[in-house]
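The values are calculated or read from the model by the stated rules, or taken from the named source; none is laboratory data. Quantities reported herein were computed from a predicted structural model and do not represent experimental measurements. Here the Cβ positions follow ideal geometry from the backbone for every residue, glycine too, while neighbour counts run over all protein chains shown. SASA here: full protein model, heavy atoms, side chains in, ligands and nucleic acids out. Shrake-Rupley method; radii C 1.70, N 1.55, O 1.52, S 1.80 Å.
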Amino acid sequence: MTTSHYIAEDVLAAPFVLACLLYLAAAFRDTGWPVYRIGLFTVGAAAAVVSVLGPLPRMAHDSFVIHMTGHLLLGMLAPLCIVLAAPVTLALRALPVAAAKKLAKLLRSRFIAIVSHPVTAAVLNIGGLWLLYTTGLYAWMHESALVYIAVHIHIFLAGYVFTASIIYIDPAPHRYSFLFRSGVLVTALAGHGILSKYLYMSPPPGVGQEAARAGSMLMYYGGDVVDVAIMVILCWHWYRAARPRQEEATAA
């Protein structure tokens with residue numbers, strides 16, 4: 001690793017540390033905020049920091065398996081935990097009225113509507129991974145600190161937006177049906193699974209065959225754990241939304 005890559009670690013870790021401090025400050029001021037959401041945000045922020053700062057990212061430069069571990073932490077586990085922690089809802093409750101109105105207006109904006117569309121989010125998330133691992137981008141990010149930072153920012157944000165577009169925890173002005181979101185989720189899971197199988201046979205440039213096989217298996221099975229969690233949450237929300245209508249039909 002170069003000195004610039006060590007600096008990149010600090011640049012990547014700082015926003016998560018700051019976000020965690022702000023979240024905790026807002027949560028402790030809000031006496032009605034659930035403790036489990038505080039725990040989820042803390043776990044998510046910690047997973048992100050571990051993936052970009054310290055021994056794990058340094059070992060990831062020489063180990064595809066360790067790199068894939070970081071990918072699962074930063075791009076899947078951290079986004080899921082942070083989405084479940086409902087940070088936007090907390091911000092709307094903690095901010096002054098004027099600032100909260102501006103945030104609400106931003107959520108209703110056309111830009112957010114496009115980016116948070118499940119199909120757009122899936123393309124940014126899964127498509128970004130295909131671009132990373134099937135081109136020279138993977139090798140390039142280990143040579144350029146700026147590319148390294150950009151790739152890791154994209155991995156987290158794409159994972160967060162995709163997760164938030166499938167399971168609605170925070171306010172979502174631009175909503176889509178459970179059936180539509182389920183279809184996008186299944187398609188995205190297929191794309192993730194196909195990529196892991198592709199990497200098993202065709203390693204990224206600079207990655208040995210054995211390392212690629214171990215890393216792709218971790219990507220496949222480790223990703224399944226988070227994907228199943230998202231699927232269970234989506235199905236639970238769907239069940240709760242349909243239950244009142246079922247009870248009314250039974251009563252009638």
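Output the peptides 223-232, 50-59, 21-30 sorted from most to least packed, where packing is the average of other Cβ atoms within 10 Å over each peptide's residues.
The most tightly packed comes first, giving 50-59, 223-232, 21-30.
From the Cα gyration tensor of the range 140-191, with a ≥ b ≥ c the square roots of its eigenvalues, which class applies: rounded if a/c is under 1.5, or else prolate if a/b is larger than b/c, or else oblate?
Numbers: a/c = 4.97, a/b = 2.08, b/c = 2.38.
Cα axes put the range 140-191 in the oblate bin.
Hey, what number do you get for the chain at 222 nm if only DSSP H runs of n ≥ 4 count, each worth -39500 (n - 2.57), divided across all residues, to the nearest 500?
It comes out at -25500 deg cm²/dmol, rounded to the nearest 500.
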Exercise. Leaving out ligands, DNA and RNA, what percent of the accessible area of the chain is carbon and sulfur, probe 1.4 Å?
Worked result: 71
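Working with all protein chains in place, sort Met217, Met201 by solvent-accessible area computed with a 1.4 Å probe, largest first. Intermediate results must be reported in sequence, preceding the final value.
Numbers: Met217 95, Met201 120 Å².
Sorted by accessible area, descending: Met201, Met217.
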Exercise. With a sphere of radius 14 Å drawn around the Cβ of Ile149, what net charge do the other residues whose Cβ falls strictly inside it have (Lys, Arg +1; Asp, Glu -1)?
Worked result: -3
Exercise. Once the other residues with Cβ under 15 Å from the Cβ of Ser202 are scored (Lys, Arg +1; Asp, Glu -1), what is the net sum?
Worked result: +1
Seminar exercise, completed: Nearest 10, in degrees from 0 to 90: the angle of helix 35-52 to the longest Cα principal axis of the chain is 20
Seminar exercise, completed: Packing-ranked peptide list from 204-213, 76-85, highest mean Cβ count within 10 angstrom first, is 76-85, 204-213
Seminar exercise, completed: P(r) over all Cα-Cα pairs of the range 3-242, 10 Å bins from 0 to the longest distance, whole percent per bin, short to long, reads 7, 30, 36, 20, 6, 0
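At 1.4 Å probe size, with every protein chain present, just tell me what the per residue accessible area of the chain comes to in Å². Walk me through the intermediate numbers first.
Numbers: 12890 Å² over 252 residues.
It amounts to 51 Å² per residue over the chain.
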